[in-house]
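Asker: This is the structure, below, for whatever I ask next.
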Amino acid sequence: MQSEVWEWTKDCWHENYIGAPLDGSAWLDPNNVLRVIRGGFSPDTGEKGRLTYRLGQHPRMRSYGVGFRLVLPVPRNDST
């Protein structure tokens, strides 16, 4: 997703996708403190502005150009 900020993900940082979960779940690693940010930041151009570009950052890193997206499931109403 393209947005106005880089977005934190739950995934731990890895150089590539070798060994990544195939079911879409987060790629967690208790020995890796770095987390992935992705999505690009609108002032970034070139490769860094691409949706697929990602970086590994320490979770305590703070910046006006980094945020997160909150996603909540919608309750299902089976009575209709």
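Every read-out reported here was derived from the displayed coordinates using simple, explicitly stated rules and does not represent laboratory data. Bear in mind the structure is a predicted one, so any value in this text is a computation, not a measurement. Neighbour counts are summed over all protein chains in view; Cβ atoms, including those assigned to glycine, are modelled from backbone coordinates with ideal geometry.
Asker: In a shell of Cβ-Cβ distance under 15 Å around Arg35, excluding Arg35 itself, what net charge do Lys and Arg (+1) and Asp and Glu (-1) give?
Answerer: Values: positive: Lys10, Arg38, Arg54, Arg60, Arg62, Arg69; negative: Glu7, Asp11, Glu15, Asp29.
It works out to a net charge of +2.
Asker: Give me the number: length gained by fully extending Asn32 to Phe68, i.e. 0.36 nm times residue separation minus the C-alpha to C-alpha distance, one decimal in nm.
Answerer: Values: separation 36, 0.36 × 36 = 12.96 nm, distance 1.99 nm.
Contour length minus the Cα-Cα distance gives 11.0 nm.
Asker: Between beta-carbons, use under 12 Å as the cut-off and find the net charge around Asp11, counting Lys and Arg +1, Asp and Glu -1.
Answerer: +2
Asker: In whole Hz and in residue order, list the ³J(HN,Hα) couplings for the stretch 21-34 that follow from phi through the Karplus curve 6.51 cos²θ - 1.76 cosθ + 1.60, θ = phi - 60°; x for Gly and Pro.
Answerer: Karplus values, whole Hz, x for Gly and Pro: x, 8, 9, x, 6, 5, 9, 9, 8, x, 8, 10, 7, 6.
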